[in-house]
Amino acid sequence: MQTPAEKYLIKKVVELLKQSDKKNSPTKILNVGAGKSIVIEKSIHNGFGNDFVCDRVDVIDCQASHPVIEKCFTASVESMPEIKSNDYQIGFANYVFEHISDLNRAASEVARVIKPSGFFITSLPNPSAPEFILS
């Protein structure tokens, strides 16, 4: 089951993809903290289609198979040396930044890999939300 935050994150990514200037190549997006799940990529694909590629990064192996998934990197958001600077138009992280010990370093890395005209969307858990209270 998707949380309201995850649904909203997907909605915003799809909106940004629809506004993006594709030029001659698909829009590149980065899934930070991807894990093994492809739920978000599938949902974005369902809302937008195939005209984007998604690279993934996580501290664990985040290899996954889906037509829009390209590269998978094993790295912390605080240090992503294999990822090129200014390479992504859109980046997102779902329930990741609450686990980061050095937020300034993570923010610097995100700013480095996202294009100057790009966007980064993150969702964080709300400890007072019903799904957290019940769990």
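The values are calculated or read from the model by the stated rules, or taken from the named source; none is laboratory data. Here the structure is a predicted model, which is why all the values come from computation and not from measurement. Cβ placement follows ideal geometry from the backbone for every residue including glycine, while neighbour counts extend to all protein chains displayed. Remember, those area values only see protein heavy atoms, side chains included, never the ligands or the DNA or RNA. Shrake-Rupley method; radii C 1.70, N 1.55, O 1.52, S 1.80 Å.
Of note:
- Sulfur and carbon atoms: percent of accessible area, the chain [1.4 Å]: 54 percent
- For the chain, relative contact order (Cα pairs under 8 Å, six or more residues apart, normalised by length) works out to 24 percent.
- Computed extension gain for residue 42 through residue 3, at 0.36 nm per residue and net of the alpha carbon distance, reaches 12.5 nm.
- Taking 0.36 nm per residue of separation and subtracting the Cα-Cα distance, full extension of the segment from residue 11 to residue 60 would add 15.0 nm.
- Solvent-accessible heavy-atom area per residue, rounded to whole Å², over the chain at 1.4 Å: 56 Å²
- Residue 72 paired with residue 103, simple spin-label distance in nm, labels 7 Å along Cα-to-beta-carbon: 3.0 nm
- Extension gain for the segment residue 117 to residue 50, taken as residue separation times 0.36 nm less the Cα-Cα distance, is 21.9 nm to one decimal.
- Only DSSP H runs of four or more residues enter the estimate; each adds -39500 (n - 2.57), and after division by the residues of the chain the mean residue ellipticity at 222 nm equals -9500 deg cm²/dmol.
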